[in-house]
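The values are calculated or read from the model by the stated rules, or taken from the named source; none is laboratory data. Since we're looking at a predicted model, the values are computed, not measured. Neighbour counts are summed over all protein chains in view; Cβ atoms, including those assigned to glycine, are modelled from backbone coordinates with ideal geometry. Surface accessibility is based on the protein's heavy atoms, side chains included, excluding ligands, DNA and RNA. Shrake-Rupley method; radii C 1.70, N 1.55, O 1.52, S 1.80 Å.
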Amino acid sequence: MSVAFYLIAALTLAGGLAAVLLKNTVHCALALTVAFAGLALLFLQLDAQFAGFAQILVYIGAVAILVVFAILLTRGSDTPKDGVFSQSWLVGLVIAAGVFAVLGWAVIESVRVLPQETATPAVTVHDIGNALVGRYVLPLEIVALLLTAATIGAVIVAMHEKERSR
Amino acid sequence: MTNLGSPLAAYLLVAALLFAIGLAGALTRRNAILVLIGIELMLNAANLNFIAFWRYGPRPEALTGMMFAIFSIAVAAAEAAVGLGLVISIHRHTQTTDLDQINRMKG
């Protein structure tokens, strides 16, 4: 593994840890953006240019902004007096550690059947576009419908209900 | 013969660690927005697995893992929009995003 991989992996994991651990919610959103950027770099490291740039566009460009909007609209940046972690934080931590132990054990103990170093896949954005409107056209249409429904649903759910307000 | 040291295992371990971090965040934080952030981290860890298996899998030109990751990104964006809309709506009703205080279903 190259040095770049270790640097990017450390950046991503540090961003994720900070997003989960920091007290100020706005700082958490910024750390989440760092983690998303690290993941995009990991995608580029894996020769998945299209997925990497889609990650930057969708996550850093849209999801992170949505999170910041939600934090500002709910005044979530005020640190609560009785701590930022829930009462059952120990149980959650144990469950997460158990899940990581199982996943890590499965990865390390599995027998290696895939080739160690494969050639860089010769896949261009052109091929991805052809596949999207060819073999994967039905999932593409369903995702378009899902995104439309989600946009309308999010607006309706978050819309101010004047007639039913107290 | 174990898998340690191969590039695929390294990516899978990073993804597993990121998934565990996201799960811990989703399970331990009080703020509903932070729980959604944890869920986003878990989804991203799954995407990293898809891309890593696509890259080191037998037939990368078939684009299966790549397509799965792209559709997963789109679904995650829809999930984030609806989830944050729900959080804003709950905050309007109860004036809080503290999940320990949101303990009734009546609106």
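Output yes when any residue across the range B:62-77 is modelled with pLDDT under 90 and either surrounded by fewer than 20 Cβ atoms within 10 Å (Cβ to Cβ) or within 10 Å of the chain's Cα centre (by Cα) (or both), and no when none is. Checked the range B:62-77: at least one residue is modelled with pLDDT under 90 and either surrounded by fewer than 20 Cβ atoms within 10 Å (Cβ to Cβ) or within 10 Å of the chain's Cα centre (by Cα) (or both). Taken as a whole, the condition of being at pLDDT 90 or above, assigned to a helix (DSSP H, G or I), out of contact with any strand residue (DSSP E or B) (no Cβ under 6 Å at 6 or more places or on another chain) and closer than 30 Å to residue A:154 by Cα applies to residue A:35. Residues in the range B:6-29: is at least one at pLDDT below 85, more than 7 Å from chain A (Cβ to nearest Cβ) and outside any helix (DSSP H, G or I)? Looking for residues that are at pLDDT below 85, more than 7 Å from chain A (Cβ to nearest Cβ) and outside any helix (DSSP H, G or I), one finds none in the range B:6-29, hence no. Checking each residue in the range A:43-70 for being facing chain B (nearest Cβ under 7 Å), touching a Leu at 6+ places or on another chain (Cβ under 7 Å) and open to solvent by less than 50 Å² (accessible area, probe 1.4 Å) picks out A:55, A:67, A:70. When residue A:27 is tested against (1) of a type outside the set (A, V, I, L, M); (2) within 24 Å of residue B:65 (Cβ to Cβ); (3) in a helix (DSSP H, G or I), only condition (2) is not met. Restricting attention to the range A:9-42, the residues that are in contact (Cβ under 8 Å) with a residue 40 or more places away in the chain and surrounded by fewer than 23 Cβ atoms within 10 Å (Cβ to Cβ) add up to 3.
Hey, does the range B:97-105 have a residue that's part of a helix (DSSP H, G or I), of a type in the set (Val, Ile, Thr) and either more than 7 Å from every other protein chain (Cβ to nearest Cβ) or in contact (Cβ under 8 Å) with a residue 40 or more places away in the chain (or both)? No, every residue in the range B:97-105 fails to be part of a helix (DSSP H, G or I), of a type in the set (Val, Ile, Thr) and either more than 7 Å from every other protein chain (Cβ to nearest Cβ) or in contact (Cβ under 8 Å) with a residue 40 or more places away in the chain (or both).
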